[in-house]
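The values are calculated or read from the model by the stated rules, or taken from the named source; none is laboratory data. This structure is a prediction, so every number in the text was calculated from the model and none was measured. Cβ: placed from backbone, ideal geometry, glycine included. Neighbour counts: every protein chain shown.
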Amino acid sequence: MIVNTARFVISNTDYTKCPPESRHEYAFIGRSNVGKSSLINMLTGKPGLAMTSATPGKTMLINHFLVNDKWYIVDLPGYGYARRSKADRDRLEGIIKSYILGRQQMTNLFVLIDSRHEPQKIDLEFMEWLGENGVPFSIVFTKMDKQSATAGEKKVAAYLATLLETWEELPPVFKTSSEKGVGRDTILDYIEEMNRLPLVAPEQ
Ligand code: GTP
Ligand code: MG
């Protein structure tokens, strides 16, 4: 798929105030600093579209971007940032989880995992929660450029092996580098495929 246009539409803390139309929507989630906003900028080809930062905890809202005047890409706050107060973390978790469970238009959730790290409990538990709630998701390994290709492949394989200890089947998996544009075409083609699926009309 070719991205011709991508523009910011609205930010919210409450999913019921998100854009009301029936359009396919793809959201990006993961720990703070994993590279969600950078990936959105890489996919859309617009470096300043979603705000990124070397300091974790940059994205605090549900951000909608309209792509090709047709579908939405959604940047979500990261979860699990330890330096935030417990009250703030709980509040963000509430925003994220109600969006995920309540937003009918969300066709697929991309769960981002830093390719350099060992499997973390917080991500594994989050994916289990998605499974229990029947939320369709895919896994995106980020920052593949930060290690050698061989080391990256090994890490990803080990991660998937851990998942297979509890999951019968793996969801779709993508390996990316926002820095180098790796994975862009594959993810955009996957989104294009999902855009052809019938849309679940939002409840009124
Ligand atoms: P929060 O909004 O704070 O939850 O973070 P986020 O997940 O949106 O991460 P963001 O895109 O802001 O990126 C965090 C840091 O990682 C920034 O300094 C990015 O430049 C860097 N980064 C993100 N993706 C990549 C990548 O693929 N390669 C490299 N080398 N750095 C990356
Ligand atoms: Mg962000």
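Remarks
- Segment 1-43, subset within 16 Å of ligand 2 (Cβ to nearest atom) and part of a loop (DSSP other than H, G, I, E, B), residue surrounded by the fewest Cβ atoms within 10 Å (Cβ to Cβ): Thr13
- Residue match in segment 88-111 (condition: among the small types (Gly, Ala, Ser), more than 14 Å from ligand 2 (Cβ to nearest atom) and in a loop (DSSP other than H, G, I, E, B)): no
- Considering residues of segment 64-111 that are surrounded by fewer than 15 Cβ atoms within 10 Å (Cβ to Cβ) and polar (S, T, N, Q) only, the residue farthest from ligand 1 (Cβ to nearest atom): Gln104
- Residues that are in a loop (DSSP other than H, G, I, E, B) and either of a type in the set (A, V, I, L, M) or at pLDDT 95 or above (or both) do occur in segment 119-127.
- Among the residues listed as Ile139, Ile187, the single one being within 30 Å of Pro20 (Cα to Cα), of a type in the set (A, V, I, L, M), part of a strand (DSSP E or B) and out of contact with any Cys (no Cβ under 9 Å at 6 or more places or on another chain): Ile139
- The single condition among (1) within 16 Å of ligand 2 (Cβ to nearest atom); (2) under 23 Å from Glu179 (Cβ atoms) that Val67 does not satisfy is (1).
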